[in-house]
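One structure is given here, and the rest of the page talks about it.
The values are calculated or read from the model by the stated rules, or taken from the named source; none is laboratory data. The structure displayed is predicted, hence computed values, not measured ones. Note that each Cβ is placed from the backbone with ideal geometry, even for glycine, and that neighbours are counted across all protein chains shown. In case anyone asks, the SASA skips ligands and DNA or RNA and just uses the protein heavy atoms, side chains included. Shrake-Rupley method; radii C 1.70, N 1.55, O 1.52, S 1.80 Å.
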Amino acid sequence: MNKENLHIKVSLTSNPYEIVIGGNSLEDIGDELLNIGFREGLKVLVVSNKEVSEHYGDCIIQSLIKSKYNPKLLILKAGEDQKNQSSIDLIHDAAYEARLERGSLMIALGGGVIGDITGFAAATWLRGIHVVQIPTTLLAMVDASIGGKTGINHSKGKNLIGAFHQPKLVLIDPKTLFTLPSREFKAGMAEIIKYGVISDIELFELLERQNNISDLSKIKEKLLIEIIRRSAKSKAEIVVKDEKESGVRAFLNYGHTFGHVIENLCGYGKWLHGEAVAMGMVAVGQLAVQRGLWKEIDSKRQQQLIEKAGLPTKWPGLEIERVLSSLKGDKKVKNGKVTFVMPLKIGDVKLFNNISNKEIHECLEKLR
Ligand code: NAD
Ligand code: GLY
């Protein structure tokens, strides 16, 4: 991997920070923290899970010690079902043991689950201490680690408990992807395709031109860094325009409205989030074509790209009445109306909250 790190600014007025992307950047974490003003001697709680820390925990701790920080490592269990209050308690217990103070730091080393839990634990410990995100899945690199959404699940639904808490730094080392299971890598590719459709036609076309985007071992380093950079930049720009999601940040939910229905109705664990989003993008693409908003040919291009990424495109056989009822429970429902992000062309989307049940019915019938 190339040693030159790329820097993307997340220029939020009150909490600006940088996303640093580069091979070997894990080894640089100590220096990067010094660069952004964290003093020597600082107490740092690194939160991770076994699958990730067995590869990268040592390297992070050594780099922190080399820069004269005072780190501790806490290992949680992996999995979406760990996104709960018990994990927050474990982190807070460790924060207490380590005597973390207001100026202290937590580092999330892992995928979106570790990122969301650690971010929320940091947001709530002593009414908010610093957090740095070191994402190790493709999905977390291009989405979860950026933008300050943190939280845990409630027994009644996903991500219902949370806070906005921006990190002080996001450090992305693409070489960590080489230990990631291939299915997880492909799931992350769904979010990258999403950025292509919502805001970056050049990214979409760059992916279209590749022979292979599903097998990491066949993707050149330069291309991998470029697609992560473009996606992270898209996310950063959207977050800067609308930090608390009162407008355009909702574009990031493209494919997610139907995706969440699939996750809800098929049960978490059957499909990975990115896989559900992939099927969700195909479905909402069909809805947009049906409404005359999107060209059939662009919908086909999207479907082909999703297939090329090794992701599912076929709508699972779900009973339509159950789908309609699940849509009503979506977190993004406002005044009883479900909001859909619909494509107008590749690289441009718009929010709609006037989609009738009849339209959804017709769309799902077609997809069956
Ligand atoms: P994940 O965090 O569960 O990670 C997937 C699996 O890969 C885990 O078993 C993990 O241990 C393993 N893993 C991670 N990195 C690895 C590596 N480099 N090598 C080997 N194994 C590795 O899944 P995810 O897809 O990263 O995150 C999903 C979560 O992110 C969901 O809870 C979702 O709600 C959340 N999310 C949050 C945001 C946000 O804005 N905060 C955005 C999107 C998703
Ligand atoms: N992943 C959606 C968001 O950050 O808003």
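Some observations on this one:
- Some residue of the range 13-29 being open to solvent by 40 Å² or more (accessible area, probe 1.4 Å), assigned to a loop (DSSP other than H, G, I, E, B) and in contact (Cβ under 8 Å) with a residue 12 or more places away in the chain: yes
- Boolean, residue 294 is of a type in the set (Phe, Trp, Tyr), away from ligand 1 (no atom under 15 Å from the Cβ) and buried (at least 19 other Cβ atoms within 10 Å of the Cβ): yes
- Which numbered condition residue 156 fails, given (1) open to solvent by 50 Å² or more (accessible area, probe 1.4 Å); (2) over 12 Å from the mean Cα position of the chain (by Cα); (3) near ligand 1 (Cβ under 9 Å from one of its atoms): (3)
- Selection from the range 46-87 of residues that are at pLDDT 95 or above, within 14 Å of ligand 1 (Cβ to nearest atom) and more than 23 Å from residue 30 (Cα to Cα): 77, 78, 82, 83, 84, 87
Okay, residues lined up against (1) closer than 18 Å to residue 259 by Cβ; (2) among the aromatic types (Phe, Trp, Tyr); (3) more than 24 Å from the chain's Cα centre (by Cα):
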| position | (1), (2), (3) |
| --- | --- |
| 280 | yes, no, no |
| 295 | no, no, yes |
| 298 | no, no, yes |
| 316 | yes, no, no |
| 321 | no, no, yes |
| 325 | yes, no, yes |
| 328 | yes, no, no |
| 338 | yes, no, no |
| 350 | no, no, no |
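- If you go through the range 123-147 and keep only what is hydrophobic (A, V, I, L, M, F, W, C), open to solvent by less than 10 Å² (accessible area, probe 1.4 Å) and within 13 Å of ligand 1 (Cβ to nearest atom), you end up with 131, 134, 138, 140, 141, 142, 146.
- Residue list for the range 170-189, restricted to those being more than 16 Å from ligand 2 (Cβ to nearest atom) and out of contact with any strand residue (DSSP E or B) (no Cβ under 9 Å at 6 or more places or on another chain): 175, 177, 178, 179, 180, 181, 182, 183, 184, 185, 186
- Considering the range 232-242, the residues that are under 16 Å from residue 14 (Cβ atoms) and touching a strand residue (DSSP E or B) at 6+ places or on another chain (Cβ under 7 Å) include one that is farthest from ligand 1 (Cβ to nearest atom), namely 240.
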